[in-house]
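What follows is a single structure, written as structure tokens, with notes after it.
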Amino acid sequence: MGVSIFIPTLILLCFIFSTQSTAQNPGFRCTNSTTTTCNSLIDYRLPNTTTISAIASLFQIKNIRSLIAANNFPISTSQNYQLNASEIIKIPFPCLCRNGTGISNRRPIYTVVSGDGLYHIAAEVFSRLVTFPQIQSVNNIPNPDLISEGQELWIPLPCSCDAVDGAAVLHYGHLVANGSTLSGIAQQFNTTESTLLDLNGMSNAGALQADQILDVRPKPHEMRANVCNTIVRNDSMDYPLLVPNGIQTYTANGCVRCQCNANNSWILNCEPSGIVLPNGRTCPSTQCAGTAFDLGNSTSESGCNRGRCAYGGYRNNTIFTEVTQENTCPGICSNNRSGNGSNGLRWSSVLGGSLIALHLLSW
């Protein structure tokens, strides 16, 4: 039988604090009626010095490469790489939308240890990404004063899967820094104050608080120039592939590395990652069918046009590739298929250059 933990005074004080600073309904607004799950990202301030491996374990990130890539660390970064207390890192996680709100899809699950209280777990372990009443609510805990050692708690990180102007976007839980203004945040992410107010249910800019987690979601047409275009198929397991400028991402179970480079006419460059898979497994072929060219290789170039073996997505044990004609002239964004595939060209949009979208099989 687990050891019960009783901390009524602390719980009462924390309840007063949390009701003043954070709404009790978990999650961001999510009214998407077609896509109920998606990938999301959130800022996390480290409560103490730790390692990448420990963070991956806390948030149950199954593939540590996704955490490494989310923070733009070199792919060679060791899982024992030390992270400093108060450092802010980005956490990738799966999002679930239901009943008009979005929260993390049954992850992370935190196991209660001796001496834990709900407030400690919410405020100190997870750095106020959630409140203790939110943990209490999603876990159907009758009495917040009583939790048991060994009890498993679902931590409902806020997120959303809503599209913007009909286009898929990556929602980002932005940690508001001390001294920030809503106008400054809007400018940073190429959106508007009114959009931020509406998204986050705020009455006015003065309601913004330090350490608040803000749903930042710019409009696609405002961000078009900050992302690379892709031709990823809509039946691919990483569709839509969202990659902002200056960011690299690993997809297709880590077998493919893609990078967005504004200096290369906003073309998404993908190539085999060269990783070694465990248990003697090998990555699927990345050669363009009917050619001698591998993924990322140029096939021909004439003026502004260049043929390239481009990444088209993946499913199960197959990596899709296709020869495309790309326009390499500065200021012109185009990336057309050479064939007449039924899927057509797929555009993707994302948040600002400080964000990243990782599409690995398991987050």
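The values are calculated or read from the model by the stated rules, or taken from the named source; none is laboratory data. Model, not experiment: these values are computed from the prediction. Glycine also receives a Cβ, built like all others from the backbone with ideal geometry; neighbour counts cover every protein chain displayed.
Could you tell me which of the residues 55, 42, 11, 75 is under 29 Å from residue 145 (Cα atoms) and at pLDDT below 90?
Details: 55 fails: at pLDDT below 90; 42 fails: at pLDDT below 90; 75 fails: under 29 Å from residue 145 (Cα atoms).
After ruling out the rest, the residue left standing is 11.
Scanning segment 58-92 for residues that are within 23 Å of residue 153 (Cα to Cα) and either over 12 Å from the mean Cα position of the chain (by Cα) or of a type in the set (Val, Ile, Thr) (or both) yields 58, 59, 60, 61, 62, 63, 64, 89, 91.
What is the residue count in segment 227-272 for residues that are part of a strand (DSSP E or B) and either modelled with pLDDT of 65 or more or not β-branched (Val, Ile, Thr) (or both)? So that I can check it myself, show each step before the final result.
Within segment 227-272, the subset part of a strand (DSSP E or B) is 227, 229-230, 244, 248-251, 256-261, 267-272.
This time we only want the ones that are either modelled with pLDDT of 65 or more or not β-branched (Val, Ile, Thr) (or both), so: 229-230, 244, 248-251, 256-261, 267-272.
Residues flagged as part of a strand (DSSP E or B) and either modelled with pLDDT of 65 or more or not β-branched (Val, Ile, Thr) (or both) within segment 227-272 amount to 19.
Step by step: first the residues of segment 110-137, then only those that are under 22 Å from the mean Cα position of the chain (by Cα) and of a type in the set (Val, Ile, Thr), then the one that is surrounded by the fewest Cβ atoms within 10 Å (Cβ to Cβ). Which residue is that? Residue satisfying both the conditions and the ranking: 125. Residues that are charged (D, E, K, R), in contact with a Pro (Cβ under 7 Å, 6 or more places away or on another chain) and within 23 Å of residue 39 (Cβ to Cβ) within segment 112-165 comprise just one, 165.
Of all residues in segment 161-214, exactly one satisfies the criterion of being free of Cβ contacts under 8 Å to residues at least 12 places away in the same chain and touching a Ser or Thr at 6+ places or on another chain (Cβ under 7 Å), namely 186. Within segment 281-307, restricting attention to residues that are modelled with pLDDT under 85 and assigned to a strand (DSSP E or B), the residue that is surrounded by the fewest Cβ atoms within 10 Å (Cβ to Cβ) is 302.
For segment 129-226, the strands (runs of 3 or more DSSP E) that sit wholly inside it and include 1 or more residues that are in contact with a Phe, Trp or Tyr (Cβ under 7 Å, 6 or more places away or on another chain) and modelled with pLDDT of 95 or more are 152-154. Within 20 Å of residue 46 (Cα to Cα), touching a helix residue (DSSP H, G or I) at 6+ places or on another chain (Cβ under 8 Å) and buried (at least 17 other Cβ atoms within 10 Å of the Cβ) - does that describe any residue in segment 138-149? No, segment 138-149 contains no residue that is within 20 Å of residue 46 (Cα to Cα), touching a helix residue (DSSP H, G or I) at 6+ places or on another chain (Cβ under 8 Å) and buried (at least 17 other Cβ atoms within 10 Å of the Cβ).
Scanning segment 41-57 turns up no residue that is polar (S, T, N, Q) and either in contact (Cβ under 8 Å) with a residue 60 or more places away in the chain or in contact with an Asp or Glu (Cβ under 7 Å, 6 or more places away or on another chain) (or both).
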